[in-house]
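Here the structure is laid out as C-alpha cells; the discussion comes afterwards.
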Amino acid sequence: MKKQSFNKGWTFRKDGEVVSVPVTLPHDAMIREQRDPASVNGSSTGYFPGGKYLYEKKFTKEDVGCGRAILDFEGVYRKAEVLLNGEKVASCAYGYSEFFADLTGKLTDGENTLQVIADNSACPNSRWYSGSGIYRPVWLYTGGNEAVAPRGLKVSTVSLQPATIHVETALAGTASELNNETAEGIGHDAAGPNSSAASVRITVLDGDTVVATGEGFSADLTIPGAKLWSAETPHLYTVRAEVLVNGEIRDTAEVTTGIRMLAWNAEQGFCVNGTPVKLAGGCLHHDHGILGAEGRKESEYRRVKRMKEYGFNAIRNSHNPASEDLLAACDELGMYLFDETFDQWKIPQTTYDYAADFDTSWNYDLTALVDRDFNHPSVILYCIGNEIPDLGLPFGPAIAGMLCDKLHELDKTRPLTIAVQTLLAFMAQKQAEAKAKAAASAKENAENSEGNASGDSSEKPEEKKGASSQDVNDILTLLPKIMASITPESAEALIGGCLEKVDIIGYNYAHNLYEGTHALKPDRVIVSSETFPQRMASNWKAVEDNPYVIGDFCGQPGIISANPVSACPSTVWTRLPLPSPIPPSQEPAVPSTL
C-alpha cells in the first residue's frame, strides 16, 4: 500500500475550550500545559497536569483516493478514540501501542471530519513524563484490493551459512479484521479479498543492486556473500514484495532490515552472529527534554548517535514500546535495543495506570509491539514487564507464562526477559499477607461483636498507619542496604516461578544476587537491566568476569560521557561526572520493621 504522511492540517483544543488552534503532528499537549505545584502527577511529569484533548482534521474522499484507506497512529497518549463523521472507527487504551483505523467504505462525498480524542484526564497514571495527545506521527495507507497490509511484510533470518532469510507477505483483510479493538488481524491477515488470483515476487536489494529474488507469500531466499548486521557493522538490505495479478503489479511494499541471528546461554553469554557480545547499555525514557514527548525522527537519531559516541552499544527503552523512529535510528547507527512492554500488570503503581487496562489490552499490545519490531535487527530483547509487583503474588507465574507464550508465538527469533525489582515483589507479598490478616481479624471481630457489646474490658486494636511520603523517601535512601538483605534463596522461593518463564533474567539494582543465583541456577542467563550510575565500574567488572552476565544498563545514562566498554576503573571511571558512593560507615542502618 502507498504510505504518506497524514500529519498536516489538524486543529487542536482542550476539552472545555471553544477555540481550536491549528497544529502539525506529532503534538504533545502536556508540555503546553501550565505547571502546577499542586498537580496530582507531582514530579513524575514535572508537575504538568493531564487533560482531555480533541484533534480534528477535515478532508475529502478525493484527498485520500479510491480503494482501501487505512490510518496508522503510531502513538496517542492515552485512551484514544477515533471518529469519522461522528462514527467510532478505532480506539486504543495504551498510550504506547500503534493502532489502525480502517476508513475503507466509510468516506462520504464532500467533506469528511476525522476526530481523535486523547483522554489523559485520569491522573496520576505514569511514573515518568508521559506527554499527552497524538505525540507520534500519523500515516495514511492507500491501495486496492490486492494490497500488502500495513506491517504485512515480515523478514527473519533463517541461517548464516549460507545466509538465508524467510519472507512472509500478508495482504490487507476486511475492515472488521483491521479493527484495533481485537488482538487478531492487525496488519497480519493471512490473505485479503481476491487473494486467490494474486502472487508475490520478492526482491532483495543491497543499495540499488539486486542480490536475491524469489516468489510466494512465504519464501526463503539465500543471499550470496551477505553482509551481516551487528552494532559494529550495521549493514541493511531492502526487501521488496510486489503483488501481481495476471502478471500485472497491483501493489508494492518495502522494508529495510538486516541479516543477523541471536543465541544465548550461560556458558557463552549473548551471541550476535555467533560472536559473544557484552551489552554496555543505558535506560532511556521516550521524551526529549524540553521538546516533551513529541516523537521526531531528528531527535531520536540525535540521541542514539550521542549514546553511540559515548561508548554505549545498547539502549533499554524504559518502560514502554519504542517508536518507529528510534528503531530505525538504532538499525542505521548500530545500537542494540532492549524493547519493553509495560510498567504494570494487574497491580497498579499509580492510581489510574495501565493495570486497569491490562486484562483487556495485553493481547493486542503484545501483537502491536511485535508487528512494529519484527523487521528491525536492532531489537534483540523483548521485556514482559518492569518492576512488576505481581511477581510476588500467587498469580504471577501464570501471567508471566501467558505473556511469554504469546510473544514466542508471534516471534520465535528473540529472547524474552523481565526487569525484576525484588523489593517490590517482597513488598507486594507482605501487603497481601497483611491484607489477608486484617480481613481475618475483621471477620473475627464481627463474629465477636455481640459478646463485646458492653465494651467494658475489650482492647482496641492498634491503629496502623499507611506508608507516608517520608517513609518512601527513607526506603529509597536505604535501598542499597535493603536490596543487599534479599538473598538469592529468598528471591528464588518467592519469584522463581516467574523467572523460569523467561529466557534471560533482568535484575534492577540487585547486583548482589548474581553469583548466588548462578550457584542455584547455573543455566540461567542474567542481564543488569537497571543499575546505579555510581556502581557502573563494579557492575561492568561483573559483566566482564562472568559469561552468564551479558550486560549492564545504567539507570541514568544522560549524565555519562565515557566509554564503559573500554574503560578501566583507574582511568576513565575516575573522570565520570557521577556522585561519590556513601562511605559504609555513614550509611544508616536498615530499620528492623522492613
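Here, each number is a calculation from the coordinates, and none is a lab measurement. Remember, predicted model here, so these are calculated numbers, not experimental data. We place every Cβ from the backbone using ideal geometry, glycine too, and count neighbours over all the protein chains shown.
Rounded to whole Å and sorted largest first, list the principal axis extents of the Cα atoms in segment 335-438.
51, 25, 22
Using the beta-carbon distance between Gln161 and Ala434 and R0 = 41 Å, what value does 1/(1 + (r/R0)^6) give for FRET efficiency, to the nearest 0.05?
Numbers: r = 58 Å, r/R0 = 1.41.
Efficiency, from the Cβ-Cβ distance: 0.10.
Using 1/(1 + (r/R0)^6) with R0 = 41 angstrom and r between the beta carbons of Val18 and Leu236, what's the FRET efficiency to the nearest 0.05?
Working: r = 49 Å, r/R0 = 1.19.
That pair, Val18 with Leu236, gives E of 0.25.
Under a cut-off of 16 Å between alpha-carbon atoms, report the lysines in cross-link reach of Lys541, not counting same-chain residues fewer than 8 places apart.
Counting by Cα, and skipping residues close in sequence, Lys541 has these lysines nearby: Lys278.
Give the Rg/Rh ratio for segment 241-319, taking Rg as the radius of gyration of the Cα atoms and Rh as the Kirkwood radius, to two decimals.
Values: Rg = 19.0 Å, Rh = 16.4 Å.
On the Cα set of segment 241-319, Rg over Rh gives 1.16.
Separation between the Glu87 and Ala356 pseudo-spin-labels, each 7 Å from Cα along Cα→Cβ, expressed in nm?
Between Glu87 and Ala356, the label points sit 3.0 nm apart.
For the ranges 432-442, 499-509, 248-258, what's the packing order if you count other beta-carbon atoms within 10 Å of each residue, average per peptide, and put the highest first? Can you show the working numbers first?
Details: 432-442: 10.9, 499-509: 21.8, 248-258: 18.3.
The packing order, highest mean first, is 499-509, 248-258, 432-442.
State the antiparallel share, in %, of DSSP beta bridges confined to segment 262-368, rounding to the nearest 5. Mind showing how you got there, number by number?
On the way: 7 of 14 bridges.
Among the beta bridges of segment 262-368, antiparallel pairing accounts for roughly 50 percent.
In cubic angstrom, how much convex hull volume per residue do the alpha carbon atoms of segment 200-334 span? Mind showing how you got there, number by number?
Working: hull volume 21.2 nm³, N = 135.
Convex hull volume per residue, Cα atoms: 157 Å³.
Considering only C-alpha atoms, what is the centroid distance from segment 56-106 to segment 10-33, in Å?
18
Can you tell me how much longer the chain between Tyr47 and Cys66 gets when fully stretched, taken as 0.36 nm per residue apart minus their C-alpha distance, in nm with one decimal? Don't skip to the answer; put the middle values down first.
Details: separation 19, 0.36 × 19 = 6.84 nm, distance 4.63 nm.
Working it through step by step, the gained length comes to 2.2 nm.
Can you tell me which lysines have their Cα less than 25 Å from the Cα of Lys88? Leave out same-chain residues fewer than eight positions away.
Straight-distance partners of Lys88: Lys2, Lys3, Lys8, Lys14, Lys52, Lys57, Lys58, Lys61, Lys79, Lys106.
Using the Kirkwood radius built from alpha carbon pairs, what does the Stokes-Einstein equation give as D for segment 107-175 at 4 °C and 1.567 mPa s, in µm² per second?
Numbers: Rh = 17.1 Å.
Reported coefficient: 76 µm²/s.
Taking K and R as +1 and D and E as -1, what net charge do the other residues with C-beta under 11 Å from the C-beta of Leu25 add up to?
Details: positive: Lys8, Lys57, Arg136, Arg296; negative: Asp28, Glu74, Glu294.
Taking every other residue near Leu25 into account, the sum is +1.
For a test of understanding, tell me how many lysine pairs in segment 327-445 have Cα atoms under 22 Å apart, given they are 8 or more places apart or on different chains.
Step by step, the pairs that qualify in segment 327-445 add up to 6.
Consider all pairwise Cα distances in segment 314-390 and report the whole-number % of them above 15 Å.
Values: 1589 of 2926 pairs.
When all Cα pairs of segment 314-390 are counted, 54 percent exceed 15 Å.
What's the ranking of 355-367, 418-430, 265-277 by average number of surrounding C-beta atoms within 10 Å, highest first?
On the way: 355-367: 18.9, 418-430: 21.2, 265-277: 16.4.
Output ranking for 355-367, 418-430, 265-277: 418-430, 355-367, 265-277.
Averaging over every viewing direction, what projected area does the convex hull of the Cα atoms of segment 362-412 cover, in nm²?
The Cα convex hull of segment 362-412, projected and averaged over all directions, gives 3.8 nm².
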